[in-house]
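Working notes, structure below.
The values are calculated or read from the model by the stated rules, or taken from the named source; none is laboratory data. Keep in mind the model is a prediction, meaning the values are calculated, not measured. In this analysis, Cβ positions are derived from the backbone assuming ideal geometry, glycine residues included, and neighbour counts consider all displayed protein chains. Protein only, heavy atoms only, side chains kept; ligands, DNA and RNA dropped before computing areas. Shrake-Rupley method; radii C 1.70, N 1.55, O 1.52, S 1.80 Å.
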Amino acid sequence: MNTLARFSRTALAAAALGAAGLAQAADYSKTMWSYATGQARTKPVMDTRMGTDLIMQLWAQPAGVPTEALMFMYMPKLSPEHWAIMLVNPRGKAAEFVGARQLIFLKAAKKDGEVMNMYRLGDGMFKNLYLMEGNVRDRSGKMARLVMLLTPQLVEQNLDPRDLLD
């Protein structure tokens, strides 16, 4: 086989492998978890602690996660399982942020152009946790997209997608 033919086959195989890699969805779950667990190198721009009732940390444009903001909320007084991660205006599909391919739709809420959907994660690092995703208005009336990862313990507190539309 001549050199040109060998080069063409090698280039074609490399291009095919590259395209297959691009076809796979992104997975930001480990990076998001590193922020939530304090393993990220970046310090939060906001770190609010209300005793043991509520801990909130916020990162603006966190490295490795395509979003305007990442917020971690933790309620240790209730239990170690009462936590959530919220993304504000993330760029990408909701499932990419939690590393899931299977979102099981549970319910939706709509009000005045706002919408919030709730899913249970069927696979991935956060399997059996919950995801809420949708568009809501901020205090100024501007629409913002939210993606929230929630533990079952928070959902058991009667959290409903409508709660975010009020």
For this session: Give region 125-142 a look and list any residue that's closer than 20 Å to HIS82 by Cα and either open to solvent by 40 Å² or more (accessible area, probe 1.4 Å) or among the acidic types (Asp, Glu) (or both), or say none.
Result: MET125, LYS127, ASN128, TYR130, GLU133
For this session: Within region 96-113, count every residue that is closer than 22 Å to GLY141 by Cβ and open to solvent by less than 20 Å² (accessible area, probe 1.4 Å).
Result: 1
For this session: Just one of (1) in contact with a helix residue (DSSP H, G or I) (Cβ under 9 Å, 6 or more places away or on another chain); (2) open to solvent by 80 Å² or more (accessible area, probe 1.4 Å); (3) at pLDDT 90 or above trips up MET1, so point out which.
Result: (3)
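Okay, residues lined up against (1) at pLDDT below 95; (2) more than 23 Å from ALA94 (Cβ to Cβ); (3) open to solvent by less than 80 Å² (accessible area, probe 1.4 Å):
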| residue | (1), (2), (3) |
| --- | --- |
| ALA26 | yes, no, yes |
| SER34 | no, no, yes |
| ARG41 | yes, yes, no |
| VAL45 | no, yes, no |
| PRO80 | yes, yes, no |
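Let's see how each residue does on (1) touching a residue at least 40 places away in the same chain (Cβ under 8 Å); (2) farther than 27 Å from GLY51 by Cα:
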| position | (1), (2) |
| --- | --- |
| MET71 | no, no |
| GLU81 | yes, no |
| PHE126 | yes, yes |
| MET143 | no, yes |
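Taking the stated definitions as given, is GLU156 in contact with a strand residue (DSSP E or B) (Cβ under 9 Å, 6 or more places away or on another chain) and either modelled with pLDDT of 95 or more or not aliphatic (A, V, I, L, M) (or both)? Walk me through how you get there before you give the answer.
Numbers: in contact with a strand residue (DSSP E or B) (Cβ under 9 Å, 6 or more places away or on another chain): no; either modelled with pLDDT of 95 or more or not aliphatic (A, V, I, L, M) (or both): yes.
Judged against the criteria, GLU156 is not a match.
At least 2 residues that are hydrophobic (A, V, I, L, M, F, W, C) and within 15 Å of the chain's Cα centre (by Cα) in each: list the strands (runs of 3 or more DSSP E) lying fully within region 71-166 that qualify. Give the derivation first.
Numbers: elements: 83-88, 103-111, 114-121, 130-137, 143-150.
Output list reads 83-88, 114-121, 130-137, 143-150.
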For this session: Can you confirm whether region 51-74 contains a residue that is farther than 16 Å from MET148 by Cα, open to solvent by 50 Å² or more (accessible area, probe 1.4 Å), of a type in the set (D, E, K, R) and out of contact with any Ser or Thr (no Cβ under 7 Å at 6 or more places or on another chain)?
Result: yes
